[in-house]
1. Are any of the residues in the range 114-126 closer than 22 Å to A17 by Cα, at pLDDT below 85 and either basic (K, R) or surrounded by fewer than 20 Cβ atoms within 10 Å (Cβ to Cβ) (or both)?
2. If I filter the range 11-68 down to residues being polar (S, T, N, Q) and in contact (Cβ under 8 Å) with a residue 60 or more places away in the chain, which single residue comes out as surrounded by the most Cβ atoms within 10 Å (Cβ to Cβ)?
Amino acid sequence: MGSGSQKFGAPEWLILAGAVSFVLVLGISAYWEPQIRALHFFQAWMYIAAVVLSFLGSRWGYFIGLSAAGFWNYVNLFVVRFFFNGLEQTAMWVHTGHLARPDIFIAVPAWFSNLLVICGCLGASGHIHVSTKDDSAIFGGLLLFSS
């Protein structure tokens, strides 16, 4: 299932830092908006699974991390304006010294947290030894998704 090596390199630490940061953002967001607590609870478990599995050297950890973080960042760049609205709040905060909408600003650290997870998963998945046809199909799909 995994590579068998328990080496914790920079990619694994990027995954950990990004996932922990994103789970904290999910918690803050769930505190502000009670109606999305269940969604954020289950979303956090994907990141926890990605961290645990990646630290075990499992390709599934990299796949889960890349899929969850990649989908979240993609949607925020190309489907909804949450990230761009957060950037507008950041710019207003820098110019005025007042953060008017922290609930919108939170998209910025969330997006960059997911970027850390994506970079870590891509970096770590490059060291995976692909040995079977099933592994090749899964890893090929991972590379196709990331490009």
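The values are calculated or read from the model by the stated rules, or taken from the named source; none is laboratory data. Predicted, not measured: the structure shown is a model, and the values here were computed from it. Counting neighbours? That spans all protein chains shown, and the Cβs are built from the backbone with ideal geometry, glycine included.
1. Checked against the condition, which is being closer than 22 Å to A17 by Cα, at pLDDT below 85 and either basic (K, R) or surrounded by fewer than 20 Cβ atoms within 10 Å (Cβ to Cβ) (or both), the range 114-126 yields at least one hit.
2. Filtering the range 11-68 for residues that are polar (S, T, N, Q) and in contact (Cβ under 8 Å) with a residue 60 or more places away in the chain, the one surrounded by the most Cβ atoms within 10 Å (Cβ to Cβ) comes out as S54.
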